[in-house]
Each structure stands twice: as structure tokens, then as C-alpha cells.
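Engineer: Take this structure, written in C-alpha cells, and hold onto it; I'll ask about it next.
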Amino acid sequence: MKIYEMTDEQRIKYLLDGGYIDETQAQLLRERQTISTDLADSLSENQVGSFSLPYGFATDFLIDGTDYLVPMVIEEPSVIAAASNAAKRVKKSGGFKTFPTSRIVYGQIVLENVTAAEIAELQQHDSEILKFAQQAHPSLIKRGGGVVSLKFNHYEHFEEVELGIDTVDAMGANMVNSILEKTAHKIASMISGDVLCSILSNSGVGQVITVEAKVDYEQLATKTMSGEEVAGRIVKLSTFAKESVKRAITHNKGIMNGVDAVLLATGNDFRAQEAAAHSFAFESGQYQPFSEWRIADNKLVGTLKMPIELGSVGGAIRALPMAQLSLAIMKIQNSRQLQSVVGAVGLANNLSALRALVTTGIQAGHMGLQSKSLAVSAGAVGPEIDQVAHKLNQTKDYTLQNAENILLELRKK
């Protein structure tokens with residue numbers, strides 16, 4: 001039986017039998033646990049409850065030689081289906097290869113009303129300031145991280161002291177801001193001007209990852225198109241995304257569908273990720289796609305390059321039981337590994353979207369998977385949901401009115 005055909009309990013048993021979760025974690029899934037009131041109060045203001053989103057998993061991800069099931073939190077069923085579909089095609093062609101770079105978060109100490117002489121004085125004491133900053137968070141040094149760079153930047157109206165900080169496995173916002181504020185006090189004592197603010201940057205330039213997938217032509221073929229023809233059309237659409245900003249935006253949105261869904265499942269800050277990603281896309285002066293596809297050695301080759309800002313420890317990641325469950329299912333050991341998984345999911349969703357667009361069109365699969373949602377909206381319950389969804393998929397008339405009519409006829413029998 002295919003995973004999407006299983007009941008919830010059968011899927012939980014699949015995870016248990018595969019060694020992805022233990023019985024305690026299985027019970028957490030069965031209970032569909034929301035977070036406690038105490039935890040909710042600690043994570044938000046004026047909270048009155050919990051807002052649930054569907055929690056599922058994508059399959060068949062072979063990344064750097066390791067197989068993964070990837071938990072994803074999203075309200076759109078086609079995203080998980082698309083990720084799994086593309087991952088299976090890539091797996092049969094050798095899997096995803098990833099190339100993480102550094103794990104550096106940059107922070108800014110912004111100065112105003114500072115004289116050139118004072119900046120020169122600060123620059124002469126840069127090693128002293130750097131040493132002070134390095135000692136501002138001793139526990140980070142023990143974990144192998146810490147402040148790794150210090151740079152002075154001049155703007156028209158401001159001066160900036162920029163720190164680069166290796167946050168190891170944490171996303172690091174709080175620790176970076178703590179280091180910056182302590183260092184800012186040190187700098188303030190050395191100048192007559194003012195410290196305007198001290199804050200991390202979500203630019204993501206120090207956390208860029210590259211992901212590559214090579215896909216055999218036979219994995220792309222449809223009933224009416226050869227794999228080589230599909231590959232060629234994908235390359236053309238990828239090229240169009242480089243030329244058309246409007247297309248590049250939607251191209252990237254499809255990538256972020258997968259990226260954000262994994263970030264949500266692991267308790268990460270998807271708002272920071274969105275900011276980092278889209279600023280990176282505009283780095284050249286014209287908004288560009290995160291991925292490109294080309295033909296090489298009679299294969300379709302896709303390369304995704306983008307910053308992925310995340311952590312595997314700390315904050316909400318540590319506090320949220322479901323985030324911990326997600327990391328356990330993927331057997332995540334560190335943030336670099338999680339970066340690789342997230343990047344692969346983004347490229348997988350991109351491949352599925354492009355293949356659909358240049359063959360059957362995006363709506364055929366998308367609306368077929370939305371049929372259950374339409375059935376529920378029409379008032380279907382229990383077994384009625386599958387019956388209404390099946391009829392919707394037969395008629396291809398994916399409207400709420402049609403779903404209501406089908407349900408009415410069903411109940412008359």
C-alpha cells in the first residue's frame with residue numbers, strides 16, 4: 001500500500017516499524033497534542049489557544065548518500081506530494097548532493113556622530129575589541145563557535161562595526177544580540193558619539209548552501225512526452241525565470257513552499273529565512289531564481305544556491321515537542337545536516353513544479369489533491385470525504401458548488 005493511501009494509524013506504524021520514532025513519540029502523534037498553556041504563554045503574548053496545521057512527511061529523499069523521511073508542516077497537500085514525487089525521481093538518478101559553506105551570522109553595531117579620528121582609534125584597537133567580543137559568550141566558544149571577524153564599514157551618515165559570529169548549531173539570534181550589546185558598551189566607552197543600535201542581520205550571506213540534482217531523462221518522461229523533451233522544456237522555463245522578474249518570484253515561491261514547511265516542522269524562524277532568501281535573490285540588482293536547470297551529459301541537472309537560516313538547537317526548537325520529533329525522524333545531528341535537507345526539499349519542489357508546468361499544467365495535480373479540502377468545505381464528514389473527493393476528481397469540476405451538489409446526491413441514496 002502506498003503511504004498516501006494509508007490511514008493515520010498505518011502511517012504511524014510505518015514510522016515505528018522503520019525505526020524513525022519510538023512508542024512515546026508515536027503516542028504524541030496519536031494524541032495530536034497541542035502545546036501546553038504554559039508553553040504557549042512563554043512563546044507568545046495575549047495567547048488564547050493553539051493554531052494547528054497539518055503535519056506530514058515527504059518520502060524518498062536520498063541526500064549525500066543518506067535516506068531521509070522529511071517532516072513538513074503545511075496546509076497545502078500538493079507540496080508534500082510534489083516533494084516526494086521529485087525526490088523519488090532524483091533518488092533513482094543518484095540522489096541530491098549538497099555543499100554547505102559557513103555557518104556565520106553577522107551583527108551590526110551602528111554608530112552616529114563619530115569623528116574620523118575616533119574611527120581610526122577604534123581601528124587601532126580592533127584586536128582588543130575582537131577579543132572582548134569573543135569573551136562575551138563563553139559557552140559558545142566551548143561549543144566550537146564564537147566571534148570570527150570584525151569589520152568597520154562607512155556609510156554616508158553612519159559608521160558600523162560588523163561582527164561575524166559562528167553560532168554552531170543554533171540559529172543564534174539571541175546570543176548574537178547579546179554579544180553585540182555587550183560589545184557596543186565597550187565601544188561606547190571609547191568614543192564621544194552614540195551607539196544607535198546593536199542588532200543581528202538576517203542577510204544570510206554567511207549561510208549559503210548549494211544543492212545539486214542530476215535527473216535521468218527516463219525519470220522525466222510522461223505518456224505523451226519523452227524525458228529529453230521534458231528536460232529541454234524545463235531548461236527553457238528556468239531560463240525564462242532569469243529574464244522575467246514576475247516568473248522568478250513565482251519560481252522562488254515554489255521553492256519556499258518546501259523550505260518553509262520543513263522550517264515550521266522543526267520550530268525554526270521561517271520569517272528570517274524569507275528575508276534572507278529574497279534579499280539574496282536581489283543581490284545582482286535584478287531579482288533572480290534560486291535555482292537553475294541545464295542539460296549536461298544527457299541528464300537534466302539542477303542547482304539551487306541560497307542562504308538557509310536555521311538552527312537545530314535552542315529556543316522554540318528545544319521547547320516544542322513536535323519540533324524535537326521532527327529532528328528525531330530525520331536523525332538530525334547538526335545544523336549543517338538540516339540545512340542540506342531543507343535545501344534538497346526546496347529543489348525537489350522546484351523540479352515538480354517545473355515538470356508539471358511544462359507538461360500537464362499545474363492545476364491537474366494541484367486540484368486533484370485539493371479535492372478532499374473542497375469536500376470538507378462542502379460539509380462532508382467521515383467516509384463522505386473520500387467519496388466526494390473521488391467524484392470531484394472524476395468530473396474535474398473543482399468548485400465548492402459541485403462538491404455541495406455531489407454531497408447532496410450522495411446523502412439522498
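The values are calculated or read from the model by the stated rules, or taken from the named source; none is laboratory data. Predicted model only: the values in this text are computed from it and were never measured. Positions of Cβ are backbone-derived with ideal geometry, glycine not excepted, and every protein chain shown enters the neighbour counts. The area values use the complete protein model at the heavy-atom level, side chains included, leaving out ligands, DNA and RNA. Shrake-Rupley method; radii C 1.70, N 1.55, O 1.52, S 1.80 Å.
Engineer: When residues of the stretch 212-223 are filtered for being without any contact (Cβ under 8 Å) to a residue 60 or more places away in the chain, open to solvent by 60 Å² or more (accessible area, probe 1.4 Å) and either polar (S, T, N, Q) or not in a helix (DSSP H, G or I) (or both), how many remain?
Structural biologist: Taking the stretch 212-223 as the starting set, the residues that turn out to be without any contact (Cβ under 8 Å) to a residue 60 or more places away in the chain are 218, 221, 223.
Restricting the remaining residues to those that are open to solvent by 60 Å² or more (accessible area, probe 1.4 Å) gives 218, 223.
Subset that is either polar (S, T, N, Q) or not in a helix (DSSP H, G or I) (or both): 223.
So the answer is 1.
Engineer: Also: Starting from residues that are surrounded by 16 or more Cβ atoms within 10 Å (Cβ to Cβ) and of a type in the set (Ser, Thr, Tyr), keep the ones in the stretch 184-206 and report whichever is nearest to Asp126 (Cα to Cα).
Structural biologist: Once the filter is applied, the top-ranked residue is Ser198.
Engineer: While we're looking at this one, here's another question. Output yes when any residue across the stretch 175-183 is under 22 Å from Ala316 (Cβ atoms), open to solvent by 40 Å² or more (accessible area, probe 1.4 Å), in a helix (DSSP H, G or I) and modelled with pLDDT of 95 or more, and no when none is.
Structural biologist: Yes, there is a match, as at least one residue in the stretch 175-183 is under 22 Å from Ala316 (Cβ atoms), open to solvent by 40 Å² or more (accessible area, probe 1.4 Å), in a helix (DSSP H, G or I) and modelled with pLDDT of 95 or more.
Engineer: Same structure again: Test Val161 against the criterion of being crowded, with 21+ Cβ neighbours inside 10 Å, outside any loop (DSSP other than H, G, I, E, B) and in contact (Cβ under 8 Å) with a residue 60 or more places away in the chain, and give yes or no. Before you say what the answer is, go through the steps one by one.
Structural biologist: Values: crowded, with 21+ Cβ neighbours inside 10 Å: yes; outside any loop (DSSP other than H, G, I, E, B): yes; in contact (Cβ under 8 Å) with a residue 60 or more places away in the chain: no.
Criteria not met by Val161.
Engineer: Something else now. Cβ-Cβ below 8 Å, separation at least six or inter-chain, first residue in the stretch 24-49 and closer than 15 Å to Ala316 by Cα and charged (D, E, K, R), second part of a loop (DSSP other than H, G, I, E, B) and open to solvent by less than 80 Å² (accessible area, probe 1.4 Å): which pairs?
Structural biologist: Asp41/Gln47
Engineer: In addition: Go through the stretch 106-147 and tell me which helices (runs of 4 or more DSSP H), entirely inside it, have 2 or more residues that are over 24 Å from Asn202 (Cα atoms). Quick ask: steps written out before the conclusion?
Structural biologist: Working: elements: 116-124, 126-134, 138-142.
So the answer is 116-124, 126-134.
Engineer: Quick one: in the stretch 31-52, of everything that is surrounded by 11 or more Cβ atoms within 10 Å (Cβ to Cβ) and not polar (S, T, N, Q), which residue is farthest from Ile332 (Cα to Cα)?
Structural biologist: This residue is Asp41.
Engineer: May I ask you to verify whether Asp67 is touching a helix residue (DSSP H, G or I) at 6+ places or on another chain (Cβ under 9 Å), outside any helix (DSSP H, G or I) and open to solvent by less than 60 Å² (accessible area, probe 1.4 Å)? Show your work before the answer.
Structural biologist: Working: touching a helix residue (DSSP H, G or I) at 6+ places or on another chain (Cβ under 9 Å): yes; outside any helix (DSSP H, G or I): yes; open to solvent by less than 60 Å² (accessible area, probe 1.4 Å): no.
Taking the combined requirement at face value, the residue does not satisfy it.
Engineer: Please work out if Tyr20 is under 22 Å from the mean Cα position of the chain (by Cα) and open to solvent by 40 Å² or more (accessible area, probe 1.4 Å). Step through it out loud before you land on a result.
Structural biologist: Values: under 22 Å from the mean Cα position of the chain (by Cα): yes; open to solvent by 40 Å² or more (accessible area, probe 1.4 Å): yes.
When the stated conditions are applied, Tyr20 passes them.
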